[in-house]
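Q: Please read through the structure below; I'll follow up with questions.
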Amino acid sequence: MLKGNFVGLRAIERKDLPVLLEWRNRPGYRRYFREYRELGSENQTLWYEKNVLHNPNVIMFSIVDLKDESLLGACGLCYINWIDRNADFSIYIGADNLYIDEQYAPDAALTIIRYAFHELGLHRLWAEIYDFDKRKIKFFKKLGFKLDGCHRETHWTEGKWCNSLFYSLLQGEI
């Protein structure tokens with residue numbers, strides 16, 4: 001387990017899947033994810049088996065409270081490019097409908113950033129954030145991520161087109 005000050009990051013286990021699915025399917029959360037559909041348990045199991053268990057280019061973690069190891073959320077590195085040493089970084093806190101909070105999310109993020117740069121030897125982390133996701137934009141800026149650019153009108157939600165903003169953090173910037 002990777003340990004921060006408040007949270008631990010451990011491998012996602014099958015027992016986590018029902019709770020992660022419930023959080024993932026919340027309409028208030030789903031609008032922030034690339035996969036817009038309501039997912040069923042079979043979709044979740046397939047994702048787990050294909051990506052979490054068998055894809056070397058995906059490293060996902062359950063975020064747990066260090067006090068009692070209760071499940072708080074999920075984070076991970078996806079689309080890892082081992083040659084160019086970069087990865088997509090994703091995170092959310094599902095417990096108590098926090099999404100991005102002031103305690104658990106920053107601690108989990110800093111823990112996975114250290115892991116990505118110091119243990120995996122990655123050079124760059126990036127994130128795609130929709131322009132209406134103000135909390136996540138503020139969160140990534142506080143972590144030191146810089147805006148790389150904008151892809152216009154990439155995401156349809158709530159009856160309108162939204163832009164994808166791409167942020168990144170380089171290993172030397174932490």
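The numbers here are math on the coordinates, done by the rules we state, and not lab data. Only a predicted model underlies this, so the values are computations on that prediction, with no experimental measurement involved. All Cβ positions, glycine included, derive from the backbone under ideal geometry; neighbour counts span all protein chains shown.
Q: On the given criteria, is Tyr79 within 21 Å of Trp47 (Cα to Cα) and either free of Cβ contacts under 8 Å to residues at least 24 places away in the same chain or polar (S, T, N, Q) (or both)?
A: Yes: the conditions hold for Tyr79.
Q: I'm checking my understanding of the structure. Among residues of segment 146-174 that are among the acidic types (Asp, Glu) and without any contact (Cβ under 8 Å) to a residue 40 or more places away in the chain, which one is farthest from Arg30 (Cα to Cα)?
A: Only one residue tops the list, namely Glu173.
Q: Please go through segment 101-113 and give me each residue that is part of a helix (DSSP H, G or I) and either without any contact (Cβ under 8 Å) to a residue 24 or more places away in the chain or among the hydroxyl-bearing types (Ser, Thr, Tyr) (or both), ordered by number.
A: Matches in segment 101-113: Tyr104, Thr111.
Residue-by-condition table, conditions (1) exposed (fewer than 15 other Cβ atoms within 10 Å of the Cβ); (2) of a type outside the set (D, E, K, R); (3) under 14 Å from Ile91 (Cβ atoms):
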position: Tyr130; (1), (2), (3): no, yes, no
position: Ile137; (1), (2), (3): no, yes, yes
position: Lys142; (1), (2), (3): yes, no, yes
position: Phe145; (1), (2), (3): no, yes, yes
position: His155; (1), (2), (3): no, yes, no
position: Glu158; (1), (2), (3): yes, no, no
position: Trp161; (1), (2), (3): yes, yes, no
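Q: hydroxyl-bearing (Ser, Thr, Tyr), out of contact with any Pro (no Cβ under 6 Å at 6 or more places or on another chain) and loosely packed, with under 13 Cβ neighbours inside 10 Å, is that true of Ser168?
A: No, not satisfied.
Q: Also, quick follow-up: Would you pick out the residues in segment 66-100 that are farther than 18 Å from Leu122 by Cβ, not in a strand (DSSP E or B) and not β-branched (Val, Ile, Thr)?
A: Listed by number, the residues that qualify are Leu66, Lys67, Asp68, Glu69, Ser70, Gly94, Ala95, Asp96, Asn97, Leu98.
Q: What number of residues within segment 115-159 are of a type in the set (D, E, K, R), assigned to a helix (DSSP H, G or I) and farther than 12 Å from Leu169 by Cα?
A: 5
Q: In the list Leu143, Leu66, Leu125, Leu71, which residue meets the criterion of being more than 16 Å from Phe33 (Cβ to Cβ), free of Cβ contacts under 8 Å to residues at least 40 places away in the same chain and aliphatic (A, V, I, L, M)?
A: Just one listed residue meets the conditions, Leu143.
Q: Further question on the same structure: Look through segment 160-174, keep the residues that are part of a helix (DSSP H, G or I) and out of contact with any Gly (no Cβ under 6 Å at 6 or more places or on another chain), and return whichever of them is nearest to Glu38 (Cα to Cα).
A: Gln171
Q: Return the total of residues in segment 101-124 being crowded, with 20+ Cβ neighbours inside 10 Å and over 12 Å from Gly4 (Cβ atoms).
A: 3
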